[in-house]
Amino acid sequence: MQKKHIAVIGSTGSIGTQTLDIVAQRPEKFAISVLAAGSNVELLIKQSLTHRPALAIIADESKYKILKEALEPAGIATAAGAGALADAMEREDFSTVVTATVGYSGLEPTIRAIRAGKDIALANKETLVVAGELITRLLSTSPSSILPVDSEHSAIYQCLVGEDPATVDRLIITASGGPFRTHSAERLARVTVADALKHPNWNMGNKITIDSATMLNKAFEIIEARWLFGIPAQRIEAVVHPQSIIHSMVQFCDGAVKAQLGLPDMHLPIRYALGDGMRIDAPERRLTIADYSSLTFEKPDTERFPCLGLAYRALDEGGTTACTVNAANEIAVAAFLRGEISFLDIYRVIEATLGTTGFIAKPGYEDYVAVNTEARSKAQETIKKIII
Ligand code: NDP
Ligand code: MG
């Protein structure tokens, strides 16, 4: 494998820092050309001095002076703002971008990277949730390829190697069930932010941890799988598997089921995506299957976790429905994390926003931008009513 030059957007987060671990382990295989973060300027400076990118970008422009003063004497160019981040996707000094930013902010840079012919190691699932149809269309006329970082989609990708896509019957996406898997509806009404941030198996950023607790994360993964693998929603199902050892499965037309197993550790899918599906030696602790006397499975409960059902509604309606769900959820999760609304209000805010935001059946990029803005403001209005 030729040495691969990489841009990491969202380098200071959970996926971003694990990506940099892998790069540091294999300097003969990987080098960093661009690093970009949201607002954690201290960590971005530290990462830049270690990995020596040509360019470091901070989205939060108020932190630009600190970044520039720290890095320019070291010969590292700096920039600030969402526009600079998107522009950087057209640079010629890297071939692959790891999209590890959180939320809607991943959409524009990913589109720009595909237009510039970059390969995408996709962690930012919200990009495919918001605009999966547009991204798929852009990919069909671009030399870019997309490799999933999300563990479930990496598992499915690995199960599909060597198989004829026409023989796939179903995709079976596993879900841990989150911290509230066994909670009654009454208990769910009283959970705190601290409870929701305690994921049983995975250590992730706050937003995806809350999405896992509501199971909207699983709905997003069903939408993500629909666009990545071109399988209709009726043939994608979620199954609760509390141990998070089987990362997902594929069932074929002869009834055979293939699964990919491993410890819940994102280094594996990140490394697999960076290696273009080639396997690279890993130093992390690995799975010893005999340590597990049982792996268990349950049907998900969409009564207690109604967010899960939003995947099928969004895929059935198409257009901008999933964009609205994503926008409302981002606003609702932020309000929940600030202690302004309850855990069960997250679904209520999404539902109310879907009822009040305009729908566009065949959206272009500008339509997604407009619907995202409208849905955020409608979600804010609903939250204000809940607070009063
Ligand atoms: P984190 O919250 O840990 O990290 C998010 C990163 O994005 C940080 O570097 C943050 O910068 C940066 N960021 C936030 N807002 C912006 C912005 N407006 N512009 C540029 N950068 C921004 O999230 P995770 O790493 O957990 O998740 C990242 C993505 O990967 C999400 O889409 C998530 O769904 C997906 N994912 C994550 C998994 C995990 O195990 N963590 C597993 C599967 C998918 P800063 O901190 O400096 O503000
Ligand atoms: Mg996942």
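Listed from fewest to most Cβ neighbours within 10 Å, the set Cys307, Cys253 follows the order Cys253, Cys307.
A simple spin-label model places pseudo-atoms 7 Å from Cα toward Cβ; at Ser95 and Asp301 they are separated by 5.0 nm. Here region 151-240 is treated with +1 on each Lys and Arg Cβ and -1 on each Asp and Glu Cβ, and its dipole about the Cα centre works out to around 380 debye.
Would you mind getting me the FRET efficiency between Ser293 and Leu49? Use the beta-carbon distance for r and R0 = 45 Å, nearest 0.05.
Working: r = 47 Å, r/R0 = 1.04.
It comes out at approximately 0.45.
Measuring between alpha carbons in the structure, the pairs from Lys63/Lys207; Lys4/Lys207; Lys46/Lys378; Lys4/Lys218; Lys29/Lys207; Lys63/Lys198 lying more than 28 angstrom apart are Lys4/Lys207; Lys46/Lys378; Lys4/Lys218; Lys29/Lys207; Lys63/Lys198.
Equivalent ellipsoid of region 235-388: semi-axes from √(5λ) of the C-alpha gyration tensor, largest first, are 36, 20, 18 Å.
How much length is gained on full extension from Gln2 to Glu340, taking 0.36 nm per residue of separation minus their Cα-Cα distance? If you can, show how the numbers build up before the last one.
Numbers: separation 338, 0.36 × 338 = 121.68 nm, distance 5.03 nm.
Computed gain between Gln2 and Glu340 is 116.7 nm.
Computed from the Cα positions only, the extents of region 305-388 along the three principal axes stand at 36, 25, 18 Å, in decreasing order.
Please work out the FRET efficiency for the pair Ser145 and Leu263, using the Cβ-Cβ distance as r and a Förster radius of 25 Å; give the result to the nearest 0.05.
Details: r = 27 Å, r/R0 = 1.08.
It comes to 0.40.
Working note: 222 nm ellipticity from helices only, DSSP H runs with n ≥ 4, each -39,500 (n - 2.57), summed and divided by the residues of the chain, gives -13000 deg cm²/dmol to the nearest 500.
What the Cβ-Cβ distance of Ala166 and Arg279 gives, at R0 = 30 Å and to the nearest 0.05, is a FRET efficiency of 0.70.
For Gln243, the amide hydrogen comes within under 5 Å of the amide hydrogens of Thr296, counting only partners 5 or more places away or on other chains and with H modelled in the peptide plane.
Starting from 0.36 nm per residue, how many nanometres of slack lie between Val191 and Ala24 once their C-alpha separation is accounted for? Please list the in-between numbers first.
Values: separation 167, 0.36 × 167 = 60.12 nm, distance 3.94 nm.
Residue separation times 0.36 nm, minus the Cα-Cα distance, leaves 56.2 nm.
For the peptides 283-296, 104-117, the ranking by packing is 104-117, 283-296, with the highest mean count of neighbouring Cβ atoms within 10 Å listed first.
Need one word for the chain: rounded, prolate or oblate. Basis is the Cα gyration tensor (sqrt eigenvalues a ≥ b ≥ c); a/c below 1.5 gives rounded, then a/b vs b/c decides. Rounded.
Cα convex hull, region 10-122: 90 Å³ per residue, rounded to a whole number.
The simple spin-label model puts a point 7 Å past each Cα toward its Cβ; for Asp316 and Tyr365 those points are separated by 3.3 nm.
For the options Ala56, Ala273, Ala282, a Gaussian network treatment of the chain with springs between C-alpha atoms closer than 10 Å singles out Ala282 as fluctuating the most.
Sequence-distant contacts, meaning Cα pairs under 8 Å at least 6 residues apart, place the relative contact order of region 101-218 at 19 percent. Dipole magnitude for the chain: about 440 debye, using +1 per Lys or Arg Cβ and -1 per Asp or Glu Cβ, origin at the Cα centre.
The stretch between Asp87 and Asn206 holds 40.1 nm of extra length on full extension. This uses 0.36 nm per residue minus the Cα-Cα distance.
Taking a ≥ b ≥ c as the square roots of the eigenvalues of the alpha-carbon gyration tensor, region 238-278 is classed oblate because a/c is 1.5 or more while a/b is no larger than b/c. Peptide packing for 215-228, 80-93 was compared via the average number of neighbouring C-beta atoms within 10 Å per residue; ordered from the highest value, the list is 215-228, 80-93. Within the chain, no whole DSSP H helix has Cα atoms reaching 27 Å or more along its own axis together with a mean Kyte-Doolittle score of at least 1.0.
Here, each number is a calculation from the coordinates, and none is a lab measurement. All figures in this text were calculated on a predicted structure; none of them were measured in a lab. Note that each Cβ is placed from the backbone with ideal geometry, even for glycine, and that neighbours are counted across all protein chains shown.
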